[in-house]
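Q: To start, I am sharing the structure in question, which I have written as structure tokens.
The values are calculated or read from the model by the stated rules, or taken from the named source; none is laboratory data. No experiment lies behind these values; they were computed from the predicted model shown. Don't worry about glycine lacking a Cβ; one is built from the backbone with ideal geometry, like all the others, and counts go over all protein chains shown. When the accessible area is computed, the model is the full protein with side chains, heavy atoms only, and any ligands, DNA or RNA have been set aside. Shrake-Rupley method; radii C 1.70, N 1.55, O 1.52, S 1.80 Å.
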Amino acid sequence: MSVINLGLVGVGKIARDQHLPALTESGDFHLVASADPHARHPLIPGHAALDEMLTAHPELEAVAVCTPTSLRYTQARLALEKGKHVLLEKPPGATLSEVEDLMALAERQGRSLFAAWHSRFAPGVADAREWLRERRVERVEIDWKEDVRVWHPGQAWIWEPAGMGVFDPGINALSIVTEILPQAFFLRDARLWVPSNCQAPIAARLDFSDALATPIVADFDFRQPGPPTWSIHVETDRGRLSLAQGGRRLEIAGQCVLDDEEREYPGLYARFAQLIRSGSSDVDLAPLRHVADACLAGWRETTDAFHE
Ligand code: NAP
């Protein structure tokens, strides 16, 4: 199987922490070059912009777009127009309609588009989905809380209109819940706390339910000092399931049944390679749709100004 030549767009925190290590060990991809106005990788050619990278490297077959969310559409569109396969970091776009336009373009171009919900590749997620498949869900509690200063240092874009604020990590929880729950669910009420000097929320409380009025509640908070809480608890007619540490640890009825090494990005790149080789795309809009619903129908409260 031939190796796929890939270019990285945006060499920021997630590219350095996750994409570069995953690409180094990947047998499917060869990292050819990067595009970023300032940051470079010491071992590959670095270009200041995507169009420059695409012109300099016609051998590129795919790109991974890891820039701030507001740039996703323009960059993915350019890459697809140039005939490249595209991996979109999460969230796949700033709006639902721009992602839908990319899906149509990928189809027309005969290229693969992958909305990479990395948390779905956490070790406990597939087993949780399987365990819940035959059970009746009675209540779901999602706690996704972290210190924004630790996890998003200096990222002013996160507070801009398309930055999504606390939904930037919160959408990871929604990507897991929409993957593991057997039933569809809908927003009933949302509270968004927005700092007086920002456009995006620092905390949110979302109340969902399904057709049977099962409560599904989510608390997202960027103001948690100390270690983060990234957990999901599901009460069922036959016991309680918990995913902790972002899906790395799985507990059933209080007993740990899986506590594995975090390897989301190797799994994510294996999936991207599979999509390219099978000529298909994978773009699930459900997590982004829930965030859009919260922004559409939620109550907003202004809270203390945020200063880094
Ligand atoms: P980041 O640290 O701010 O990195 C973004 C990088 O993109 C920066 O180096 C930035 O350069 C660069 N950039 C800006 N404009 C560009 C352009 N026109 N062309 C090419 N590069 C450009 O942000 P991040 O945390 O890596 O997040 C990036 C995306 O990944 C976001 O959508 C985020 O939601 C997602 N994500 C983040 C994490 C995480 O844990 N951090 C996890 C998963 C997904 P400048 O700094 O010079 O502007």
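Q: Using the heavy atoms of the protein chains and a 1.4 angstrom probe, tell me the accessible area per residue for the chain in square angstrom.
A: Counting only protein heavy atoms, the per-residue value for the chain is 44 Å².
Q: If the cut-off is a Cα-Cα distance under 16 Å, which aspartates and glutamates reach LYS145, setting aside same-chain residues fewer than 8 apart in sequence?
A: Candidates past the 8-residue exclusion: ASP168, ASP219, ASP221.
Q: How much of the accessible area of the stretch 266-307, probe 1.4 Å, is carbon plus sulfur, in whole percent?
A: Values: 1100 of 2170 Å².
Looking at the stretch 266-307 in its full context, I get 51 percent from C and S.
Q: Shifting gears a bit: If you rank HIS85, HIS30 by how much accessible surface each has, with a 1.4 Å probe, what is the order from largest down?
A: In descending accessible area the options line up as HIS30, HIS85.
Q: Seen from all sides and averaged, what is the projected area of the convex hull of the Cα atoms in the stretch 163-242, in nm²?
A: 6.2
Q: If the viscosity is 0.692 mPa s and the temperature 37 °C, what translational diffusion coefficient in µm²/s does Stokes-Einstein give for the stretch 4-116 when Rh comes from Kirkwood over Cα pairs?
A: Stokes-Einstein gives a translational diffusion coefficient of 238 µm²/s.
Q: Moving on. In the stretch 4-116, what percent of the accessible surface is made up of carbon and sulfur (1.4 Å probe, ligands and nucleic acids excluded)?
A: Carbon-and-sulfur percentage of accessible area, whole number: 52.
Q: To the nearest 20 debye, what charge dipole does the stretch 28-153 have about its Cα centre, counting +1 at the Cβ of each Lys and Arg and -1 at the Cβ of each Asp and Glu?
A: About 160 debye.
Q: Moving on to the next point. Quick one: in the stretch 109-182, what % of C-alpha pairs are over 21 Å apart?
A: 43
Q: Further question: Would you work out the relative contact order for the stretch 126-219, in percent, from Cα pairs under 8 angstrom that are 6 or more residues apart?
A: 35
Q: Taking Cα pairs under 8 Å and at least six residues apart, what relative contact order does the stretch 198-308 come out at, in percent?
A: On the way: 91 pairs, mean separation 14.3, N = 111.
Relative contact order, the stretch 198-308: 13 percent.
Q: Between the stretch 36-69 and the stretch 212-252, what is the C-alpha centre distance in whole Å?
A: 37
Q: Could you compute how fast the stretch 133-281 diffuses translationally, taking Rh as the Kirkwood radius over C-alpha pairs and applying Stokes-Einstein at 25 °C with viscosity 0.890 mPa s? Give it in µm² per second.
A: Stokes-Einstein gives a translational diffusion coefficient of 145 µm²/s.
Q: Averaged across orientations, what area in nm² does the convex hull of the alpha carbons in the chain project?
A: Taking the Cα atoms of the chain, their convex hull projects to 16.0 nm² on average.
Q: Under a Cβ-Cβ cut-off of 9 Å, what is the net charge of the residues other than PHE272 that fall near it, where Lys and Arg count +1 and Asp and Glu count -1? Write down the numbers at each step before the final one.
A: Values: positive: ARG271; negative: ASP28, ASP282.
Around PHE272, the charge tally is -1.
Q: Hey, another quick one. Students sometimes get this wrong: rank LYS145, LYS90 by accessible area, probe 1.4 Å, all chains present, largest first.
A: Sorted by accessible area, descending: LYS145, LYS90.
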